[in-house]
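So the structure is just underneath, and the comments pick up after that.
The values are calculated or read from the model by the stated rules, or taken from the named source; none is laboratory data. Keep in mind the model is a prediction, meaning the values are calculated, not measured. Don't worry about glycine lacking a Cβ; one is built from the backbone with ideal geometry, like all the others, and counts go over all protein chains shown. Just the protein is used for accessible areas: all its heavy atoms, side chains included, with ligands, DNA and RNA removed. Shrake-Rupley method; radii C 1.70, N 1.55, O 1.52, S 1.80 Å.
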Amino acid sequence: MVLDLGGLSFHITIPLPTYDKLPEVNQPVEILTYLNVREDALDLYGFLSKDELALFKMLIGVTKIGPKLAVGILSGATPDDFKRRIVSDDVDALTALPGIGPKTARRIIVELKEKFVPTDFERMVGAAEEESDDFNDALSALSSLGIPRSRAFKILSRMRQDGEFKGNLESIVRMALSKA
């Protein structure tokens, strides 16, 4: 792509999907760019979405993948499709992309998979935060209904231990009130 800004022209390398979505000549367009600095050149790479740019940056962070190969990869798959291929360890689907062989596909999976798949710890923290929010909301609700906070805490803790702390906030509060 050549971007002409009043006599100053910029040559920007873009993936094929970005090219397909460009507006007509002389129409406004917003291109997110990445400037790759080398000893002998300054190369601009352009993208229409933040997802494409973010994936491009991740790809060039992978060993032996340069900006041109990263653009080629983005030309062959959408960011979401590419992420699915990585998460599912689909080496064959990755090797179908331009410039990727089996070794490179495995390297991409190893180096990027952890960025797309939440770890068990992250899942546990997310569930604990969600449960903690429900617990705190139920505690506040019971306190506002006149139950002493320490008593409400004991009731809710016992419900959690017995596996009765489930459902929406209203059902949790009703069950706690029946135990008060």
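Based on DSSP H segments of at least four residues, each scored -39500 (n - 2.57), the chain has a per-residue ellipticity at 222 nm of -17500 deg cm²/dmol. If you bin all the Cα-Cα distances of the stretch 31-82 at 5 Å, starting from zero, the percentages per bin are 4, 21, 32, 28, 11, 4, 1.
Restricting the calculation to Cα atoms, the chain shows an Rg/Rh of 1.26 when the hydrodynamic-style radius is the Kirkwood one. On the protein heavy atoms, probe 1.4 angstrom, tell me the percent of accessible surface of the chain carried by carbon and sulfur. Here carbon and sulfur together make up 53 percent of the probe-accessible area. Other residues with beta-carbon under 12 Å from the beta-carbon of Lys113 carry, at +1 per Lys or Arg and -1 per Asp or Glu, a net charge of +2.
Sorting the segments 26-36, 100-110, 165-175 by their mean number of nearby beta carbons within 10 angstrom, highest to lowest, gives 100-110, 165-175, 26-36.
Only the Cβ atoms of Lys and Arg (+1) and of Asp and Glu (-1) were treated as charged; on that basis the dipole of the chain about its Cα centre amounts to roughly 740 debye.
Ranking Ile109, Gln161, Ala138 by how far each Cα lies toward the positive end of the dipole of the chain (charges on Cβ) leaves Gln161 at the top.
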